[in-house]
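A short reminder: the numbers here are calculations on the coordinates, not readings from a lab. Just so it is clear, the structure is predicted and the values come from calculations on it, not from any experiment. When we count neighbours, we look across all protein chains shown, and the Cβ atoms used for this are built from the backbone with ideal geometry, even at glycine.
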Amino acid sequence: MVAPRPTALGRARRALGPAFWLLGLLVPVLLGGSWISILAIFAIYAIVALSQDIVLGRAGMYDMGHAVYFGVGAYVTAILNTRLGWPIFATWPIAIVVAALVGVVLSAGIVKLRGDYLLVATIGFNIIFVLALGNNVADVTGGPDGIFGIGVPQLFGTALSSQGALFYLDWLALAAVLLLMRNLERSRIGRVFRYLKEDELAATTLGIDARYYKILAFAIGAGVAGAAGTLFAVQLASVSPGSFVFTESVTLFAIVLVGGQASIPGVLLGTALMFVVPQVFRGLAQYRYFAFGIAMIVVMVLRPQGIWPRGRAR
Amino acid sequence: MDVVLQQFINGVTVGGFYALIALGYTMVYGVLKLINFAHGDLCILAAFIGLTVLTSGLGGANAGALLLAAAFIVAAVAVGIAGAVLEFTAYRPLRKAHRLSAVVSALGASMLIENGIMLIWSPQVQVFPANLLPDLTWKIGSASISFVQVMIIAGSLILMAALYFYVHHTRFGTAIRAAAIDQDAARLMGINVNRVIASVFVVGPALGAVGGLFVGLYYREAYFNMGWIYGLNAFIAAIIGGIGNIPGAMLGGLLLGLFNAFAAGYVSSSWQEAITFALLIAILLVRPTGILGERVAEKI
């Protein structure tokens, strides 16, 4: 297939992403301590939001329980590290695999449900998950207080203990996920997701196994969220149920819609609005969510497709 | 046996306000196919407004029947107006947009109302004074039923009967049902669909307001973010009965209340919500259209 010749504008647009990422590398050099951790948290939530976008924005399934997979990843790392003494980097693949498996198991039963019914079922999963964590199921989740004292990641004998080192770890992981998203977009799987979202009946008549691909979307989305969970556990050195409650899933859901479905810059922008802007207005904490509510309505009314919608399919 | 009777009374009480709140979800969903995530918060707003009316009226003594009626009316009217404003500003402009845009708008509205309550009434739990209602209890065998329970059961049954009559035996009720079945056809028959939708956003929240004030009077407390959990429970009730189906919401509310009351005897309270949601997921898998929902072929 011959790619169309890129225009100057197209080239500039294409350079925007890498430029943004390279600029981010300067963060620990130019900015102070609290900003480094705020932007590290941004990178982590950006990964989770992108993973939410795989299920919601790309495959078109109304998943309002995505914090579950993020939480599974964080708890797997926390438990393996504090109980069994595993190094952080050894827990990472396990966190990804377990989160993806949870995604497969939970979604297998419900992917047949239509739009809103799926949404409600995923809310149910999230609430049951948080209750299970709080009730200290199997005596490993630490109850409502969670798990403390998660270790520092070691890379080739060096401890990544400074905020700057952790930021680079998160930023590299974000780059990997951005590459994954780009490849997904251009791959057969990504096209199948889009087809299923646009017209499931037409897709199935062409022989696409809708159930298989929907579960696959959940598996990929959950696995990526699990990867972010590990980073989150390391960043905070602790995990507790409060970080993975249903309202977090609502926020992730809103990020994708406010930013723009299946739009990478949109999702990143949405994440920044939801997680970085509040830090700037910390002094106005009590008015913050009130203003957020208004902002969500205003954005949707003015730009129902999101602030930075996906460009026309190339 | 008496334990069973007592659980039954408690279950019907809780089911009464779940049903009242569920009606708002189901009416809106029936007409717009939108989950109005702000509905639970609107209902809880009524508990705060009602409490303010009740405590401002009399210092110390029992709230008289008149004051109690005033509290319900003020709460229902205020919340009904809030519902109409919400529809006009947050949902109407999005009627032609992707349906998830309206869902996000509803989530924003929920956040707005919840935090608005917090800013007006403080983040602390607001306690309903013990002497607001007459402290009466009647014995039925060894089970007992209190004044507030009688009020909730009677009030919700009367309101549900009234709504049923309104929707099934008046001209405007027929218009609501017609718009729920097919908006375009209803418009062609001369029905003002915009007015129908606006009315649904007044009647649903007003009924839910009574339910929300019942919640406050029954548990004798209200906190700003309780709208989510009561809203979710009521929403589950609406799904159990068949979302979009008005008698279904009533039935679903009562069944969920009874289920909660009887489950509470066997599982620890820390798992109660999990049991409710497990029930929900089970129902969704077996019969997604709920008990009274019609089995329609999926629209493509």
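A simple spin-label model places pseudo-atoms 7 Å from Cα toward Cβ; at B:Ala65 and B:Thr137 they are separated by 2.5 nm.
Maximal additional length on extending the B:Ile229-B:Thr52 stretch stands at 61.5 nm, based on 0.36 nm per residue less the C-alpha distance.
Kindly provide the helix-only [θ] at 222 nm of chain A, computed as the sum of -39,500 (n - 2.57) over DSSP H runs of four or more divided by all residues, to the nearest 500 deg cm²/dmol?
That calculation yields -22500 deg cm²/dmol at 222 nm.
Near B:Ala186: Cβ cut-off under 12 Å, other residues only, Lys/Arg at +1 and Asp/Glu at -1. The net charge is +1.
As a footprinting exposure proxy, order A:Ser37, B:Ser105 by other Cβ within 10 Å, with the fewest listed first.
Details: A:Ser37 17, B:Ser105 30.
So the residues, fewest neighbours to most, are A:Ser37, B:Ser105.
Can you tell me how the protein assembly as shown classifies by the Cα gyration tensor, rounded, prolate or oblate, using a/c under 1.5 as the rounded cut? It comes out prolate by the Cα gyration axes.
A convex hull fitted to the Cα coordinates of chain B yields 142 cubic angstrom per residue. Here chain A is treated with +1 on each Lys and Arg Cβ and -1 on each Asp and Glu Cβ, and its dipole about the Cα centre works out to around 1200 debye.
Each of A:Thr204, A:Thr271, A:Thr251 was scored by other Cβ atoms within 10 Å of its Cβ. Arranged with the fewest first, they read A:Thr204, A:Thr251, A:Thr271. The label point for B:Tyr164 and the one for A:Arg188, both projected 7 Å from the Cα toward the Cβ, are 5.7 nm apart.
Provide, for the protein assembly as shown, the number of lysine pairs with alpha carbons under 26 Å apart, each pair being eight or more places apart or on different chains. Lysine pair count for the protein assembly as shown: 13.
In terms of the Cα gyration tensor, with a ≥ b ≥ c the square roots of its eigenvalues, is segment B:1-113 rounded because a/c is under 1.5, prolate because a/b exceeds b/c, or oblate? Cα axes put segment B:1-113 in the oblate bin.
For chain B, the membrane-span-like helices by this rule, meaning whole DSSP H stretches whose C-alpha atoms cover at least 24 Å of axis and whose Kyte-Doolittle mean is -1.0 or above, are B:2-32, B:39-57, B:65-86, B:99-121, B:147-169, B:193-219, B:246-264; this says nothing about an actual membrane. For the residues of A:247-258, the average number of beta carbons from a partner chain within 10 Å of their own beta carbon is 3. Our summary gives chain A a relative contact order of 32 percent, counting only alpha carbon pairs under 8 angstrom and 6 or more residues apart. Among B:Gln124, B:Gln183, B:Gln272, the residue with the largest mean-square fluctuation in a Gaussian network model of chain B, with springs joining Cα atoms closer than 10 Å, is B:Gln124. Scanning chain A for DSSP H helices at least 27 Å long along the axis (C-alpha atoms) with a Kyte-Doolittle mean no lower than -1.0 picks out A:33-53, A:88-110, A:115-134, A:163-186, A:210-236. Toward the positive end of the charge dipole of segment B:2-286, with +1 on the Cβ of Lys and Arg and -1 on the Cβ of Asp and Glu, the farthest Cα among B:Val203, B:Gln7, B:Leu45 is that of B:Val203. Label-to-label distance, A:Leu31 versus B:Val85, with points set 7 angstrom from Cα along the beta-carbon direction: 3.7 nm. If you take all other residues with their beta carbon under 15 Å from the beta carbon of B:Ala234, and give Lys and Arg +1 and Asp and Glu -1, the sum is -2. From the square roots a ≥ b ≥ c of the eigenvalues of the alpha-carbon gyration tensor of segment B:80-196, which class results: rounded (a/c under 1.5), prolate (a/b over b/c), or oblate? It is oblate, given that a/c is not under 1.5 and a/b is not larger than b/c. Each stretch of four or more DSSP H residues adds -39500 (n - 2.57); spread over every residue of chain B, this sum gives -24000 deg cm²/dmol at 222 nm. Summing charges over all other residues whose Cβ lies under 12 Å from the Cβ of A:Leu252, with Lys and Arg as +1 and Asp and Glu as -1, gives -3.
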